[in-house]
1. For region 68-152, what's the radius of gyration and Dmax over Cα atoms, in angstrom?
2. Collect residues whose amide H, placed 1.01 Å from N in the peptide plane, falls under 5 Å from the amide H of Ala84; neighbours closer than 5 in sequence don't count.
3. Skipping prolines and chain starts, which residues have an amide H placed within reach, meaning under 5 Å, of the one on Asn48, given they are 5 or more residues away or on another chain?
4. If r is the Cβ-Cβ distance from Glu272 to Ala67 and R0 is 25 Å, what FRET efficiency results, to the nearest 0.05?
5. Per Stokes-Einstein, at 4 °C and 1.567 mPa s, what whole-number D in µm² s⁻¹ belongs to region 1-127, with the Kirkwood radius over Cα pairs as the hydrodynamic radius?
6. For Cα pairs less than 8 Å apart in space and 6+ apart in sequence, what is the mean separation divided by the residue count of region 72-143, i.e. the relative contact order in percent?
7. Mind pulling up the Rg/Rh value for region 176-227? Radius of gyration and Kirkwood radius, both on Cα.
8. Could you order the peptides 68-76, 91-99, 41-49 from most to least packed, using the average number of other C-beta atoms within 10 Å per residue?
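Readers should treat all values here as calculations from the given coordinates under stated rules, not as data from a laboratory. This is a predicted model, so every value here is computed, not measured. For neighbour counting, all protein chains shown are included, and Cβ atoms are generated from backbone atoms with ideal geometry for every residue, glycine included.
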Amino acid sequence: MAAYGASSASILQPEKWREASRRLLDVTGERLAEMDAAGLDMQVLSLNAPGIQAESDAGTAVSRAAAVNDLLASVVADHPGRFAGFAALPLQDPQAAAKELERAVSQLGLRGVLVNAHTQGRYLDDPALRGVWERLEGLDVPLYLHPANGVGTPHVIEGHPELVGPMWSWGTETATHFLRLVFGGVFDDFPRARVLLGHMGEGPPYLLWRLDSRWDYHAHHGVELALGRPSEYVRRNLHITTSGVSLGPAPAVRAARTRADHVLFGTDHPFEDMATATAFLRTAPVSEPTARRSPTATPSACSVCSPPHSTSPFRRARPSKESPA
């Protein structure tokens with residue numbers, strides 16, 4: 001599976017990638033010690049980008065996704081108080097992906113799925129993937145939409161490779177992917193679907209006024225939203241995580257006018273420092289009422305770490321993380 005990270009490797013400085021790779025593969029040794037030192041009780045483990053989606057052969061993707069999820073479940077079973085897991089899905093085969101999602105959650109106990117951008121050029125609004133969304137909604141588990149390299153290099157970035165990746169292009173592509181879900185009707189078809197975006201939401205929570213204003217003005221090209229305006233889907237279906245951003249969530253919450261329980265804590269290990277992230281969490285300026293509601297202000301609350309189908313708005317666990325592993 002390490003070979004699937006080659007596109008990510010091309011972005012980092014060679015010595016940085018070697019160190020990141022070493023730490024990604026060290027799941028229970030140095031990682032646990034670093035978690036303890038930072039005061040971090042739990043991480044949610046998943047494949048590093050682009051993961052299974054880099055596999056061009058659908059049959060191979062199906063078998064490897066199952067093997068990865070089995071391995072992940074065994075790690076979680078060995079350390080149930082320290083790790084939870086987001087499953088990998090073989091989206092190259094939509095029917096197999098829906099079945100693997102059911103198995104990963106119902107049999108293996110994984111807490112959701114993580115998807116790294118597109119799958120061989122297919123995005124999550126593709127009608128062929130509606131069965132996956134139906135299963136996600138039925139199981140009541142989230143989909144973490146994580147960035148990865150795009151199909152090609154946008155013309156505006158050509159000649160500027162420094163802008164490819166988490167420096168810039170990953171954020172804009174992931175934000176666009178989420179908007180495809182909105183305008184592609186995914187959330188109209190599956191109103192209880194939950195999507196997680198890291199890095200303080202990748203942009204959409206800050207642009208809601210503009211999105212609504214332009215939707216009122218713009219040609220709709222045959223698209224009509226059941227909720228009327230794009231902002232309603234951001235508020236209802238999107239959860240944001242602090243992963244990779246140690247800066248207070250208050251601006252995003254205010255801009256989106258979203259519920260505090262739609263903001264989750266994350267660290268982005270090993271690409272960011274756990275201790276920096278947890279120090280930010282302890283000192284984040286939030287009001288007392290928000291602190292009682294928000295996982296970013298309450299280390300004992302996390303909405304993706306405890307068993308699916310929980311009726312509690314906050315399933316009790318320590319801070320979560322979409323840690324690639």
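1. Answer for region 68-152, Rg first and Dmax second: 13.0, 41 Å.
2. Close amide H contacts, sequence-distant or interchain: Gln43, Val44, Leu45.
3. Amide H neighbours of Asn48, under 5 Å, 5+ apart: Ala325.
4. The value I calculate is 0.30.
5. The diffusion coefficient I find is 84 µm²/s.
6. 32 percent
7. 0.96
8. Highest mean packing first, the order is 41-49, 91-99, 68-76.
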